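The structure under discussion is supplied below as structure tokens; questions concerning it will follow.
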């Protein structure tokens, strides 16, 4: 007969390993359960249908912009010549200043026009990056505007009515709606303004807003080729 000697430390280590494995399994199940619950929540609250409808609305706007550029190019004036005139006639600081104002106040001017302008600048990638940064900063400014106007009862009540849908959606979906606003051709500042009104955490706006850079670079791939 052989005697097997098993130390106390060995047994403790094995028990600890079993405990760790069980904890990992439990945490994995909890994580899957949380993801499933989030999926169900966004499904029940209409986030996926909202995302789908937003994408369907975005496609015609993108196509309309492309058709408009091509129509101007072939029937009115060579688009490259027009952009060169704009680039040479207007000071860079002025163009960037106008864009900052637009991106801070309800996104009044489509960013695509400025992306086309950047394509004809002396340093296209540099000014494209500058536009993306300005748009990102404009969203932050709009966020703080949203926080500030809550202190003015009449303005707050007015915006609560005019922007009721955006505010309601931000309350339901939070960061995911900011992602949609950052990526799709929806006025980004409206989304961040609504986030400010409900005092959505700033760190969420700063984090999800980084996708604004992705949007500008992706759109530039198409626009730079069109106006080249």
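None of the figures in this text is laboratory data; all of them are computed from the coordinates on show. All of these numbers come straight from a predicted model, not from anything done at the bench. Using ideal geometry, Cβ is built from the backbone for each residue, glycine included, and neighbour counts are taken over all protein chains shown.
Hey, with R₀ at 41 Å, roughly what FRET efficiency would residue 53 and residue 150 work out to, going by the Cβ-Cβ distance, to 0.05?
0.90
Starting from 0.36 nm per residue, how many nanometres of slack lie between residue 35 and residue 78 once their C-alpha separation is accounted for?
The span from residue 35 to residue 78 would gain 10.3 nm if fully extended.
Using the Cα gyration tensor of segment 45-226, with a ≥ b ≥ c the square roots of its eigenvalues, what is the shape: rounded (a/c below 1.5), prolate (a/b larger than b/c) or oblate (neither)?
Prolate shape, in that a/c is at least 1.5 and a/b is the bigger ratio.
Going by how many other Cβ atoms sit within 10 Å of their own, how do 101, 149, 197 line up, fewest first?
With the sparsest Cβ surroundings first, the list reads 101, 149, 197.
So between residue 137 and residue 89, what do we pick up on full extension, going 0.36 nm a residue minus the alpha carbon distance?
Additional length available on full extension: 14.7 nm.
If I model a spin label at residue 164 and residue 106 as a point 7 Å from the Cα along the Cα→Cβ vector, what separation in nanometres do I get?
1.8 nm
May I ask you to sort 129, 49 by Cβ crowding, counting other Cβ atoms within 10 Å and putting the fewest first?
Exposure proxy ranking, most exposed first: 49, 129.
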